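Before any comments, here is the structure.
All of the numbers you see were taken from the coordinates with simple rules; none came from a lab. Note that the structure is predicted; figures quoted are calculated from it, not measured. All Cβ positions, even for glycine, are placed from backbone atoms using ideal geometry, and neighbour counts span all protein chains on display.
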Amino acid sequence: MSKTAAILISRQAMHPSGGSVWVQKTVEAVRWVASSGHTLVTSHGMPTWELQLSLASDMNIPLIVYVLAESEDRLRELSVFLQDQFSLTAERTEFRRVDSTVDQTEDLRPVRDRAVVKAASLLIPVAIREGGNLRSLLEDARKAGKELKLSFQTEHFLRDRPLSYNLENSQLSSELASIGNGYIIHWTRAANSCWPGEKLIDYYQAVISSDSYPRSALATLHRMLDRKLIVASSRHMPQNIATVSFSSLAPAEAIPLMKWRARYRQMSFEPYGIGIERECARAGGIRQVRYTKRGERLSDEIDLWLTQSAGAITDWRNEKEYRHRSDFDFGDIASDRLIVFAHRPEEAALLQRKYSIRAVAFLR
């Protein structure tokens, strides 16, 4: 039977980079696993597991992957997905279903952690939270005499603080304050994982090679401008219809809506965006959203992708939302009909030089 090793890492902050100590230590640990001839036991669904999958794929390490699947059909489905997303070879990858012996509603993540620890002959802790599930499992394994390799250990820091911006009126640039509502604006934000259409292995390779988080709102804005394309999303959309969202608010009016959404661990949007002159927006198929009240019956003639609940707690009408169905390609729109927004003056200056589009900073 081949030697097996598991690298144990407690949950980390959402936006890692190659400058994160736990990422650096994980890279070192996986390289050691490759050189020692062990099979790596790992999983998916969290950056701490998926970074290992990406590294193991690059180094062609044999894998045992524990999959969070409620049925054999789901196991097969997720196995195909993971093979594709991480470029895993079937010959060197064994997928195992995490199975609950208690009931179908049990949280499978601690069950997965126990299974990984049990399957590994060697445990390699990297960053373990005191009082957490992995700390308890590691201590039990040590008492039971399981082999541990401690040379990659580092202190666990969980700094997953809400994003925030100081955008008080006194801090705003006069240029931003002078811009009215002549543009329909798509505001963007940091992605918590890969960009739409991007494979997970490419996302984690970017994380490893970057000194700062590579999928920030600014990086996302650069990608849109490089491709002259805003990719649609079906998230929170009626009938899961993929759309691109815009707002007709003036930039300064949009600031109160730039809030941290704890439920999703991300901002509603950040002070980075692309504006399109209203006439061009209409010509490009961008349409105004109709806000509806609870219980309101809609005509069959109304396009559902253009409807939005007015809201019970949050009044979504304040966003003055517009939408475009499917990806929005702005490659044919003249540069002088576009405008770009960034948080800081140096960011705006770089964007204007690179793309020859007027760029305006929020801050002075």
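With the Cα gyration tensor of the stretch 265-364 giving a ≥ b ≥ c as the square roots of its eigenvalues, does the rule (a/c under 1.5 for rounded; else a/b larger than b/c for prolate; else oblate) give rounded, prolate or oblate? Please list the in-between numbers first.
On the way: a/c = 3.39, a/b = 1.67, b/c = 2.03.
Because a/c hits 1.5 or more and a/b fails to exceed b/c, the stretch 265-364 counts as oblate.
Once the Cα gyration tensor of the stretch 169-361 is diagonalised, what are the square roots of 5 times its eigenvalues, in whole Å and ordered largest first, as equivalent ellipsoid semi-axes?
On the way: eigenvalues 138, 87, 61 Å².
In descending order, the three semi-axes are 26, 21, 18 Å.
Can you work out the Karplus-derived ³J(HN,Hα) for every residue in the stretch 113-124? Use 6.51 cos²θ - 1.76 cosθ + 1.60 with θ = phi - 60°, whole Hz, and x for glycine or proline.
4, 4, 5, 5, 4, 5, 6, 8, 7, 10, 10, 10
Once phi is turned into θ = phi - 60°, what whole-Hz ³J(HN,Hα) does the Karplus curve with 6.51, -1.76 and 1.60 give for every residue of the stretch 4-9, x standing for Gly and Pro?
Working through the residues one at a time gives 10, 9, 10, 9, 9, 9 Hz.
Which value in Å does the Kirkwood hydrodynamic radius of the stretch 147-216 take, with 1/r averaged over all unlike C-alpha pairs and then inverted?
On the way: mean 1/r = 0.0591 Å⁻¹.
Result for the stretch 147-216 stands at 16.9 Å.
Looking at the stretch 118-188, which GluC sites (Glu not before Pro) are in a loop (DSSP not H, G, I, E or B) and have at most 12 other Cβ atoms within 10 Å?
Working: sites: E130, E139, E147, E155, E168, E175; in loops: E130, E155, E168.
Hits after loop and neighbour filter: E130, E155, E168.
Is the C-alpha gyration tensor of the stretch 1-140 telling us rounded, prolate or oblate? Criteria: a/c under 1.5 is rounded; beyond that, a/b larger than b/c is prolate, otherwise oblate. Working shown, then result.
Values: a/c = 1.40, a/b = 1.10, b/c = 1.27.
Verdict is rounded for the stretch 1-140.
Please list the non-local residues whose amide H lies under 5 Å from the amide H of E270, H modeled 1.01 Å from N, same-chain partners needing a gap of 5 or more.
T188, R189
Given H placed 1.01 Å from N in the peptide plane, which residues other than close sequence neighbours of V41 have an amide H under 5 Å from its amide H?
Counting only residues 5 or more places away or on other chains, the set is A5, A6, I7, I64.
Anyone know which of R96, R317, R189 comes out most mobile in the 10 Å Cα GNM of the chain?
Looking only at R96, R317, R189, the largest GNM fluctuation is found for R317.
Give me the compactness ratio for the chain, meaning the Cα radius of gyration over 2.2 N^0.38 Å. Could the numbers behind the result be given before it?
Values: Rg = 23.8 Å, N = 364, 2.2 N^0.38 = 20.7 Å.
Output field value: 1.15.
Suppose R0 equals 41 Å. What FRET efficiency, 1/(1 + (r/R0)^6) with r the Cβ-Cβ distance, do E94 and D303 give to the nearest 0.05?
Details: r = 47 Å, r/R0 = 1.15.
E(calc), rounded to 0.05, equals 0.30.
From the residues N240, Y355, I201, which one has its Cα farthest along the dipole of the stretch 169-361 in the positive direction, the dipole being from +1 and -1 charges on Cβ of Lys/Arg and Asp/Glu about the Cα centre?
The Cα lying farthest towards the positive end belongs to N240.
If every alpha-carbon in the stretch 217-281 counts as one equal scatterer, what log10 I(q)/I(0) does Debye give at q = 0.21, 0.22, 0.23 1/Å?
Scattering profile of the stretch 217-281, log10 relative to I(0): -1.19, -1.29, -1.36.
Going by amide H atoms built from the backbone, whose H comes under 5 Å of the H on R265, apart from near neighbours?
none
Between helix 21-36 and the chain, what is the angle of the helix's C-alpha long axis to the longest principal axis, kept within 0 to 90° and rounded to the nearest 10?
40 degrees
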